[in-house]
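Heads up, the thing below is written out as structure tokens.
The values are calculated or read from the model by the stated rules, or taken from the named source; none is laboratory data. Predicted model, so just to flag it, every value in this text is computed and none were measured. Glycine gets a Cβ as well: all are built from the backbone with ideal geometry, and neighbour counts include every protein chain shown.
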Amino acid sequence: MNIIQYLDRIVLNYNNSVADGAPCIQINTLKVTQPKQVAQFLSLINCVIQQLQSGDELNIRSFYYQSRDLFDSQSQSNSLISKFIKHSGLTRQQLLFTITSKGQIFGPAIYTFIDTSIEANYIQITSQFNCIEILFTTASFLLIVEKDTIFQALRQNYAQIQSALNMDFLILTARGQPDLQTREFVNFISKNNHEIQIFGLADCNSYGQQILFNYCFGSKLLVGSGKLVPIGLFESINGVKVQNEQKLDRIIFKLNGYQRQQWISNILQMKTQTECELDELIKEGVLIEYVIEQLINNLQ
């Protein structure tokens, strides 16, 4: 049974349930009876069938705008897509859904896709990365950073860091919370380039640590790169805002499940500090020195 036949069967079963006077959508073990959710799933299924028949891809944001009368927000439509993927066992790629990626990566690398190879020091992570087969790089590690401002500062001072460490490396950012495309690429690097260490650099606050957690462990639908090692920022510089201890405690609770004791210790240290953003290191003129020191302390 192909995907279209599978989806047609869901619609047929729905039509039969309407005839029986008890409308519902059944997706394997998931049974949906709430009328609005039924309408949402029908809209999604019909959209996917049209995509598969035409062969055209659709951005998940475009799906939201096409069905805006059924959803209160894009996060609600994204959640519905995720729920459908979880219970159907299909992937976003199989459903021809794409995601606009915020990710960009800098450093020496050759990216080999199904039909082409690209050698680039600076590249945007796009839907093409769904088809990546090989990443060849002389880099010894990947440094993931929370913010574009920090990414650009490190990129501009790449040679200084490279000289201090005597090794090549890659820098990556998704400019805030990582989108699925960027997380999948980090996961690809982790699984296919075992010798590369992965480090994370984020603000000294709960939001920054949640970003690194999402890179590291992804979500319920995607296991991320569990070998990511946070290298900061865990100390405050010129900070005044009190830490959100409740949110930090939630992150600690989740990290306990992965036995990440060093990371937990770092966050416990953060709780005694005020919030601080990495941009303060730029203002103080110490960002590059800080990054070099932290990398030297953590490189194996």
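Points to keep in mind about this one:
- Any hit, the range 78-94, residues being part of a helix (DSSP H, G or I), touching a residue at least 24 places away in the same chain (Cβ under 8 Å) and small (Gly, Ala, Ser): yes
- Gln53 of a type outside the set (A, V, I, L, M, F, W, C) and either within 19 Å of Glu184 (Cβ to Cβ) or loosely packed, with under 15 Cβ neighbours inside 10 Å (or both): yes
- The set of residues in the range 137-170 that are hydrophobic (A, V, I, L, M, F, W, C) and within 18 Å of Asn297 (Cβ to Cβ) comprises Phe141, Leu142, Leu143, Ile144, Val145, Leu154, Ile161, Ala164, Leu165, Met167, Phe169.
- Enumeration of residues in the range 219-255 that are at pLDDT below 90 and closer than 30 Å to Leu90 by Cα: Ser219, Lys220, Leu221, Leu222, Val223, Gly224, Ser225, Gly226, Lys227
- Look at (1) more than 23 Å from the chain's Cα centre (by Cα); (2) more than 25 Å from Ile292 (Cβ to Cβ) and you find that Asp249 fails only one, number (1).
- A residue that is part of a loop (DSSP other than H, G, I, E, B), closer than 15 Å to Thr98 by Cα and either small (Gly, Ala, Ser) or without any contact (Cβ under 8 Å) to a residue 12 or more places away in the chain (or both) cannot be found anywhere in the range 1-11.
- The criterion of being in a loop (DSSP other than H, G, I, E, B) and either surrounded by fewer than 15 Cβ atoms within 10 Å (Cβ to Cβ) or of a type outside the set (A, V, I, L, M) (or both) does not hold for Ile110.
- Taking each residue of the range 181-197 that is closer than 11 Å to Lys227 by Cα and looking for partners that are of a type in the set (Lys, Arg) and surrounded by fewer than 17 Cβ atoms within 10 Å (Cβ to Cβ) with beta-carbon atoms closer than 9 Å, six or more apart or interchain, yields Ser190/Lys227; Gln197/Lys227.
- Residues of the range 170-189 classified as under 26 Å from Ser79 (Cβ atoms) and part of a helix (DSSP H, G or I), total: 9
Each row is one residue, and each column tells you yes or no for (1) more than 16 Å from Ser127 (Cα to Cα); (2) more than 20 Å from the chain's Cα centre (by Cα).
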{"position": "Gln50", "(1), (2)": "yes, yes"}
{"position": "Gly55", "(1), (2)": "no, yes"}
{"position": "Leu58", "(1), (2)": "no, no"}
{"position": "Arg61", "(1), (2)": "no, no"}
{"position": "Gln66", "(1), (2)": "yes, yes"}
{"position": "His87", "(1), (2)": "yes, yes"}
